[in-house]
Amino acid sequence: MRKYNSKCVIYFTLLLLIGVFIEMTKARNQNTTVPVNVGVIVDLEAERKGLSSIKMALSDFYGSHSHYKTRLVLNIRDSMQDVVGAASAALDLIKNVQVQAIIGPNTSMQADFVIDLGQKAQIPIISYSATNPSLLTSIKTPYFFRVAQDDSVQLNAIGAVIKAFGWRQAVPIYIDNQYGQGILPFLADTLQKIDTRIPYRCTLSPVSTDDQIVVELLKLMTMQTRVFIVHMPPFLGSRLFTKAKELGMMSEGYVWIITDGMADYLTSLDPSIIESMQGVIGIRPYVPMSKELESFRVRWKRHFLQENPGNTDFELSIFELWAYDAAIALAMAVEKTGAGNLSFREANTSSSTDLASLGVSLNGPALVQALSTTRFKGLAGDFLFVKGQLPPSAFQIINVIGDGTRELGFWTPKNGLIKKLSSPVAKTSTSKSNLAPVIWPGDSTFVPKGWEIPTNGKKLRIGVPVKEGYSEFVKVTRDSMSNATSVKGYCIDVFDAVVEALPYSLTYEYIPFAKPDGSTAGTYNNLVNQVYTGDFDAVVGDTTIIANRSFYVDFTLPYTPSGVSMFVPIKDNKSKNAWVFLKPLTWDLWVTSFCFFIFIGFAVWVLEHRINEDFRGPPSHQVGTAFWFSFSTMAFAQREKVMSNLARVVVIIWCFVVLILTQSYTASLTSLLTVQQLIPTVTDVHQLIKNGDNVGYLKGSFVPDILTSLGFDESNLKMYKSTEECNELFSKGRKNGGIAAAFDEIPYIKLFLAKYCSKYTMVEPTFQTGGFGFVFPRGSPLVPDISRAILDVTEGDKIKRIEKAWFGKQVPCPDASTSIASSSLSLKSFWGLFLIAGVASVFALIIFALVFFYQHRQIWLPNSDVSDSSSVWSRIINLVRIFDHKDLKSHTFRKGSEVHEIHSAMPSPSIYSIRTDFPEEHGSPFVGYGDTNPTPQQVVIDINELVESTSSHS
């Protein structure tokens, strides 16, 4: 027992000695550390949480870095929620305390002036809550550090959400001070990039009453836009959502998006406020969870409640984390610069004002350099400065549900919208599929379309034109008894069909654009201008899409063909003459046909000359026969028989070519003499201008602008109101004040020609326009939906039924271009036939030549006995003479009577008598058709042929 007690005494003594040593070491370190004064400017009334974080940061930092030689000494000043109070506090800290840096102030308005003081005194100003983007863009100073992300960064996340859901309009609701106004230029740029318009800006004063908030919300209810971006502190935003809930603006169809100014403080709001914000989407910086952060939350809450026992707002936000990291960064930077030069250089001035007599910190430039290079792992994530502020990081997208929030996904500068930060994304995404399903206001799971018909009970006021003619498009009638108006027509039925194709209901009423007496109230430009001024919500009718109108209103896609063209009377072409029969074929086809007739005749003569009596005789007879045979194939009246198979192939192919050629010629000539009689009276616009002819246009149309730009004089422009009046102007004639041509849009021309197809035709040129479209105000969210519905209607059978109902079954008129263009047939259409005939003829001649030369090879072969003793020229002459003789081997000459004549013609063995008798045909010999004085070689050849021929017949 004694032994045990002695051990306890020893252990207790050792622990006591260790404790005494530690305390002595701390005291010695404290005596060796150098205090460094820094200022802290906060709103002690409303912003005590940031100050608590700063104190804990220094306590934690120096507790783990007790060997550091510097210690930050906090000099706290109250800004009293006022810009002047913040500036006064900064002056006091710089001039009287000579602080080396200032942390704060809280708001951007307060920081705006304090930054200038820091620049003048060359001391760093470190803010963890002044997020106005203009602080770094308008005040470019190296002495300002923002331990936060400016508000413009989160706008990219908001823009990605709006683009993902396809909203085309959004209304910002912001506080009317520097915090709220500073974000507007950046928000407008962001929305413009995604083609989203800001139709209205709602501002609320920081001291707005509930009644003033209600007035602004009622204005928003009377507008179409249902997407709102709220950018304001929680003290004002909570009141806004409470009143919006009371007015029914937190119901289905509405979209509310809050920035981090409120999203970071959702956990601190009263449950009744959260209840009024159900379905709201929030954007806030993402803070990765860590053990250090969890430990800090517990310790901070305990520390804060000890310092502020009566305060119920003890939830951490991102700003408290940034305040903690800002204090750590400043402590590290001060330690880097050391404590060697903490004094101020007095200002060289005799002025007694506080600003003029501010000194300049000698340690400021070094401290700025140390802060710029400070990096560490902070509670809010990686800490480093990029151009004086924290770099952009991930934002968390949340949905207010129940008594808390639900995570929808994230937005990062690199990947855009993603469900999980760990999810690999190939490219920047703006698809809503990368977000979790959203519970919208009113507990709806259907994505709001972002706009609604105003809730003030008004229907869409749709203006329609009042016109005298072309009532098939728009027809306005008034009942004289009830004074009620009825609107009908093709354009009206198309719009009704388009509205039926929309995925939602749309209520509207047609209002004629007319005076009290029922007459038209103006031109189409006047009617379109009524949409621009807001008198009409839309215009439905035969309104053409043109450029100068699109500057003031938006058009849907066209639902009719586009273009302005000219239509003129047609007349009989009486310019027929004696040579009209030559017009069906072009000159190259005439020449080619003639050459082929000669070539085919020559080919048939070559193939038939030796075996056919019809192709023999005197030269003139043979030439005539060849030409006659070739040309007679046009009428298939040739009397000469064809004996050679090669010639038959040539003739068959040639007859096929001739058949097609003659039939085409007949059809073309018939067309020239009958159909081609009607031609336009005018085909050139410039000729109308040159002649000073009158031209017509439809009343109220924009066509006169086109005509005057072409060069027409205004005195030559005649207006008509209907198809009947236009026909009357044409009937008057040019000399009686009539018109030579009329210009109108293609839908009107088609309707006019349907009535007067036999008298008029449409000719070029066509001036392009946009066609008929429906008119809506600029930026109207209805335009894309109506345009898509137009495509559905025009691509189906519904548009055909509407056209048939109003225009009937129209018989298409002949195209003017076909009557004006020449119908002459050219070689281009027949060269394939000529190629076939030519190739067949050439092949037949080649085969004939090969057979002929092979049969008489003893004449031209070098080893022949006959050829050895003769020259080349004599061999050629022999071959020509043989070709000119009959081919007695042919079956056409193998007749008994002919054999008998040959035997009787040989009474004497005289070679000469045999040779002279053989070539004679039809009586006596003639020069050039047989040789009356043959050479011995010829005699030998002829005798041999004769013997062979005789033996073959016998």
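The values are calculated or read from the model by the stated rules, or taken from the named source; none is laboratory data. This structure is a prediction, so every number in the text was calculated from the model and none was measured. In this analysis, Cβ positions are derived from the backbone assuming ideal geometry, glycine residues included, and neighbour counts consider all displayed protein chains. Calculation scope for accessible area: heavy atoms of the full protein, side chains included, ligands and nucleic acids excluded. Shrake-Rupley method; radii C 1.70, N 1.55, O 1.52, S 1.80 Å.
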Over the alpha carbons of region 246-337, what is the largest minus smallest coordinate on each principal axis, giving the biggest first in Å?
58, 30, 22
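Given the convex hull over the Cα atoms of region 173-328, what projected area results after averaging over all orientations, in nm²? Can you show the working numbers first?
Numbers: hull surface 45.5 nm².
The directionally averaged projection comes out at 11.4 nm².
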log10 of Debye I(q)/I(0), alpha-carbon scatterers only, for region 648-758 at 0.13 Å⁻¹
-0.61
Modelled label reach - LYS459, point 7 Å along Cα→Cβ, region 534-573 residues with backbone N closer than 20 Å
534-542
For ILE401 and ARG299, extending 7 Å from Cα along the Cα-Cβ vector and measuring point to point gives, in nm, a value of 3.5
Dividing the alpha-carbon radius of gyration of region 461-510 by 2.2 N^0.38 Å (N being the number of residues), what value is obtained?
1.27
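Per the Kirkwood formula on distinct C-alpha pairs, the Rh of region 509-628 is how many angstrom? Please report the intermediate quantities before stating the final value.
Values: mean 1/r = 0.0443 Å⁻¹.
About 22.6 Å, per the Kirkwood formula over Cα pairs.
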Hull shadow area, averaged, region 701-793 [alpha-carbon convex hull, nm²]
8.4
Report the convex hull volume per residue for region 231-286, counting only C-alpha atoms, in Å³.
72
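Among residues other than GLN169 whose Cβ falls under 10 Å from its Cβ, what is the net charge (Lys/Arg +1, Asp/Glu -1)?
Details: positive: ARG168, ARG197, ARG226; negative: none.
Neighbourhood net charge equals +3.
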GLU292: accessible area at probe 1.4 Å, nearest 10 Å²?
120
Which order do the peptides 558-564, 684-690 take when ranked by the mean count of other beta-carbon atoms within 10 Å per residue, highest first?
558-564, 684-690
Take the Cβ-Cβ distance between LYS732 and THR485 as r, set R0 to 41 Å, and report the resulting FRET efficiency rounded to the nearest 0.05.
0.70
Here, VAL360 and ARG345, labelled 7 Å along Cα→Cβ, have an inter-label distance in nm of 0.4
In whole angstrom, note down how far apart the Cα centers of region 271-338 and region 112-176 are.
20
ASP588 versus PHE807: modelled label distance in nm, points set 7 Å from Cα along the beta carbon direction
4.0
Once the other residues with Cβ under 10 Å from the Cβ of GLY692 are scored (Lys, Arg +1; Asp, Glu -1), what is the net sum?
0
How much FRET efficiency would the formula 1/(1 + (r/R0)^6) give for GLU315 and ASN525, where r is the Cβ-Cβ distance and R0 is 56 Å, rounded to 0.05?
0.40
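Over 19 Å, how big is the tail of the calculated P(r) for region 92-169, in percent of all Cα pairs? If you can, show how the numbers build up before the last one.
On the way: 1291 of 3003 pairs.
That tail contains 43 percent of the Cα-Cα pairs.
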Based on alpha-carbon positions alone, could you give the equivalent ellipsoid semi-axes of region 190-251 from the gyration tensor, as √(5λ), descending, whole Å?
21, 14, 11
Charge tally in the Cβ shell below 15 Å around ASP151, where Lys, Arg are +1 and Asp, Glu are -1, ASP151 excluded
-3
Cα to Cα, under 21 Å, and not fewer than 8 places away if on the same chain: which lysines meet these conditions relative to LYS420?
LYS163, LYS291, LYS432
Share of alpha-carbon pairs per 10 Å distance bin for region 44-152, given as whole %
14, 45, 33, 8, 0
Between SER826 and LYS690, what is 0.36 nm times their sequence separation minus the Cα-Cα distance? Round to one decimal in nm.
45.5 nm
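What percentage of the solvent-accessible surface of region 664-750, computed with a 1.4 Å probe over protein heavy atoms, is contributed by carbon and sulfur atoms?
Working: 2050 of 4130 Å².
Taking all protein chains in place, region 664-750 shows 50 percent carbon and sulfur surface.
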Let's test the formula: R0 of 56 Å, r as the Cβ-Cβ distance of PHE853 and THR670. What FRET efficiency results, to the nearest 0.05?
0.70
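Cα convex hull of region 515-557: how many Å³ per residue? Please list the in-between numbers first.
Values: hull volume 3.5 nm³, N = 43.
Convex hull of Cα atoms, per residue: 82 Å³.
Filter the trypsin sites (Lys or Arg not before Pro) in region 109-159 down to the DSSP loop ones having no more than 14 other Cβ atoms within 10 Å, then list what survives.
Numbers: sites: LYS120, LYS140, ARG146; in loops: LYS140.
Here the trypsin sites (Lys or Arg not before Pro) that fit, given the DSSP loop and packing criteria, are LYS140.
Sorted from largest to smallest, which semi-axis lengths in Å does the alpha carbon gyration tensor of region 578-651 give for its equivalent ellipsoid, taking the root of 5 times each eigenvalue?
Working: eigenvalues 140, 31, 24 Å².
For region 578-651, the semi-axes come out at 26, 12, 11 Å.
By how many nm would the segment from GLN622 to VAL214 lengthen if fully extended, with 0.36 nm per residue of separation less the alpha-carbon distance?
Details: separation 408, 0.36 × 408 = 146.88 nm, distance 11.45 nm.
Result for the pair: 135.4 nm of gain on full extension.
Using alpha carbon coordinates only, what is the Rg to Rh ratio of region 115-213, with Rh defined as the Kirkwood radius? Walk me through the numbers before you get to the answer.
On the way: Rg = 16.2 Å, Rh = 15.3 Å.
That ratio equals 1.06.
For the ranges 358-371, 725-738, what's the packing order if you count other beta-carbon atoms within 10 Å of each residue, average per peptide, and put the highest first?
358-371, 725-738
Between GLU725 and THR477, what is 0.36 nm times their sequence separation minus the Cα-Cα distance? Round to one decimal in nm.
This chain segment gains 87.2 nm when fully extended.
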Run through every distinct alpha carbon pair of region 488-541 and return the Kirkwood hydrodynamic radius in angstroms, one decimal place.
12.6
